[in-house]
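What follows is a set of notes on a single structure, which appears directly below.
No lab work stands behind these numbers, since they all come straight from the coordinates. The structure displayed is predicted, hence computed values, not measured ones. Here the Cβ positions follow ideal geometry from the backbone for every residue, glycine too, while neighbour counts run over all protein chains shown.
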Amino acid sequence: MTADSLPGEQAVDALTGKRRIAFAAFVDDSQLGDLVVLLRSLALTNPGLCEDFVVLHDGLPPAAVERIRALHPRIVPRPGDRVLDAFRIRDYDTVIVLDPRMVVPGDLGELLRQREGLAALAQFSGDGGRGARRDGRRTLAPGPLVIQREYLSDVFCALLDAEGPDTEEAPDYTACLALLDAVLDGDFVPLNAGLTGAPGAHLASDTPDTSETSDAEFHAAYLALKGAAHHDLLVHYGTPHVARTGDLDSARKVATAHIAAGEYQEAVDLLRSVRIPVDAAWPHEVLGHALMSVSRYEEARAQLLLASAAPKRAATAFGRLAQIAWVHGDDELARTYASEGLAVDPTHPTSRQFLDRTRGGAPSPQEGPAEEQLAHVAFYMPQQGNAGDKLLPESVRLTFDSDTGPRRWHSIHAHRLFDEAALARVNARRGLVIGGGGLFIPDTAPNGNSGWQWNVPNALLKRVDVPVVVYAVGFNAFDGQSYRHRLFNSGLCQLVEKSAFFGLRNHGSIEKVRALLPTSLHDKVRFQPCPTTVTRQLVDGWTDPAERENTVLINAAYDRAGLRFGHDYAHFLAEMAKAVRALGAHAEVKCVAHSLDDERIAFDLRREHGISLPVIPMYGFENDAIRDTYARTRLVIGMRGHAGMIPFGCGTPIISLISHPKMAYFLADIDRPEWGVSVHDKNLGAQLTERAVAVLADHAAAVADVHGRQQELWKVTQANAADLRAILGNAPVPVH
């Protein structure tokens, strides 16, 4: 955890089932130079790979440990007497054991994709060679070991200890392999490729020999690599390289990595530390992006205008300039910049987005009298966009008033800067409602005012003098994400203090938020289910469908795919192919896309597995059509939070594909954790098939179970509504 990290951000892999992977090696004083070469070769041949590296040792001096840490950002020193102590590691699901004398010849994807048993290189020989049995049976060959959790156990360690008792001198890697081979007796998974050789001896043609290379030369070599680099490695090697050399292109690369990880101030600081020539458009554009993300808007404009002079960066620069103008409420200027971006690149998505947002059309409906309205801060999804986000604002309003239009509601887009004029408009209303949705997330519409999605300066939040209601908001950090800025923590405390009602949409979010608050504020944080989960209770005139289509709808999400799938996407896709084929015998299987990117599963299943799925483009649907589609299907298998909550609210059975903690949070709240399967599950296809077939076979019982679970959430919503009526006076809060 970094100095600026907040508590409660880690160990969520236990909820999502994400595999924890580590490399491991046993090292003594004499092998330190070998390990240096191994770690360098690992970085140079697999620049996009960075997992924990456990260094087992029996007493390395502190200077040696620091030398190793300088070579890898995720070194985990651990006491050990021999390489087989890797089997005593209990913190990971997969451990890849290496000999420090090895070098990495190329892509290690095969090792990372291993999911079964204990894998190693195999050899077959009858000549009695090293590691071979004279009877010609399969034996372990020198190379890496890929150990899965079932072997990382006290039981297996006891077998190793019984085969080879401790000696005064630690056995070398080869001797340990021989001992392990005796225990396994040929029962291991053979690898097709691996690592070989000693430093400088048997290097593959594409593996550089770094045994005589200085750290400075190694850092420069890593920064010069083409293709995707891992954030942790790029920052670890790039930061000292930039400090040493002032190299502008390296600074731009490292700053881009910081931005991708939500480390916006770090990106600003790094690029401010180097000289950027006036005509260096790309670094100006990256610095402009970082500056706007910390709400230094005037400085960002200057950088982006410089970048817009270069044809290759102009479209991106104009798109960001359009976004800054829109954030400040200047639709005309935003439209001008967006048009300039599209003139350079007619396909540029950001420019297209802000041109669409600011395009003139039918006049907005007349708002009702301010004193009869509630102000509503939300993420208002424009035109074609994420179906769940599109439905949310209306669903929130339905819990307060059957009239969800401008007569009763004054809309405030969360991503636009909350300024003096916005404050005056809010204070003229009867109250302020904030939510719903996962607004507590660090990298959607980043800003330097609040640290979360609502772009509100703390000084203006203090001056809101009408009742503040935070309603069904979620803490939406993914695996591997963190809130690194104290700004979020201080703003959160102020928001809770200010709120007359502070309701979060699941108990997981409640736990996370309470961990950031002083004890005196804990009781203010309460449970308010997402209103989409009680849709049947909220929509006037709702009737359950008399008949349902014989369909199963599948949704997969691809935003932040690396955080969702880790190294397991190919596994996920293959397992989904098994499930789709099996379910096709029971119902028509379709892809339901909440956003355009969600269609990827249909493309990938067709390309990789020859399966064709019809696609329902829900991102283009109106709210009634979204609800109707989910109400008429028999089962939804969804990865997005609202691909579970919306159909559930419509009375439709669900199975959640868990790639984000919020999915597990929701299922825990309704006491149905068995309705979720991790995208990393080794037997995902079989699990999905078994559960889905059971739902389809007794569908009436499954629907009744959904209705019963929903009723519990509705009781909570009704109880909260009574408190809200007291807070908001005569503002109607329906109880249906």
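Could you pull out every one of the aspartates and glutamates with an alpha carbon less than 17 Å from that of Lys682, ignoring same-chain neighbours closer than 8 positions?
Partners within reach: Asp13, Asp93, Glu110, Glu116, Glu150, Asp568, Glu575, Glu674, Glu690.
From the residues Leu42, Phe87, Val254, which one has its Cα farthest along the dipole of the chain in the positive direction, the dipole being from +1 and -1 charges on Cβ of Lys/Arg and Asp/Glu about the Cα centre?
Towards the positive end, the residue furthest out is Val254.
Enumerate the calculated ³J(HN,Hα) couplings along the stretch 713-720 in order (Karplus 6.51 cos²θ - 1.76 cosθ + 1.60, θ = phi - 60°), each rounded to whole Hz, writing x wherever the residue is Gly or Pro.
5, 5, 4, 5, 4, 5, 5, 5
For the stretch 69-108, treating each Cα as an identical point scatterer without solvent, what Debye log10 I(q)/I(0) comes out at q = 0.14 1/Å?
Calculated log10 I(q)/I(0) at the listed q: -0.41.
Do the alpha carbons of any pairs in Lys662/Lys715; Lys226/Lys578; Lys462/Lys662; Lys18/Lys715 sit beyond 28 Å of each other, and which pairs?
Lys226/Lys578; Lys462/Lys662; Lys18/Lys715
Counting Lys and Arg as +1 and Asp and Glu as -1, each charge on the Cβ, what is the dipole of the chain about the Cα centre in debye, to the nearest 20?
2020 debye
Using only the C-alpha atoms of the chain, find the volume of their convex hull and express it per residue in Å³.
That works out to 182 Å³ per residue.
Using Cα positions and a limit of under 16 Å, work out the aspartates and glutamates in reach of Lys524, with same-chain residues fewer than 8 apart set aside.
List returned: Glu497, Glu511, Asp723.
Would you grab the residues whose amide H sits under 5 Å from the one on Ala141? Only those 5+ places off in sequence or on another chain, please, with H modelled 1.01 Å from N.
Leu121, Ala122, Gln123
Report the relative contact order of the chain, percent, no decimals, based on alpha-carbon pairs under 8 angstrom and at least 6 residues apart.
Taking the mean separation of contacting Cα pairs over the length of the chain, I get 11 percent.
Please report how far the C-alpha centroid of the stretch 269-331 lies from that of the stretch 500-541, rounded to the nearest whole angstrom.
After rounding, the separation between the Cα centres reads 38 Å.
Which semi-axis lengths, in whole Å and largest first, follow from the square roots of five times the eigenvalues of the Cα gyration tensor of the stretch 327-460?
26, 18, 16
Please list, in order along the stretch 44-49, the HN-Hα scalar couplings obtained from phi with the Karplus expression 6.51 cos²θ - 1.76 cosθ + 1.60 (θ = phi - 60°), rounded to whole Hz, x for Gly and Pro.
6, 9, 10, x, x, 10
With unit charges on the beta carbon (Lys/Arg positive, Asp/Glu negative), name the residue among Pro171, His236, Gly541 whose Cα is farthest towards the positive pole of the charge dipole of the chain.
Of Pro171, His236, Gly541, it is Gly541.
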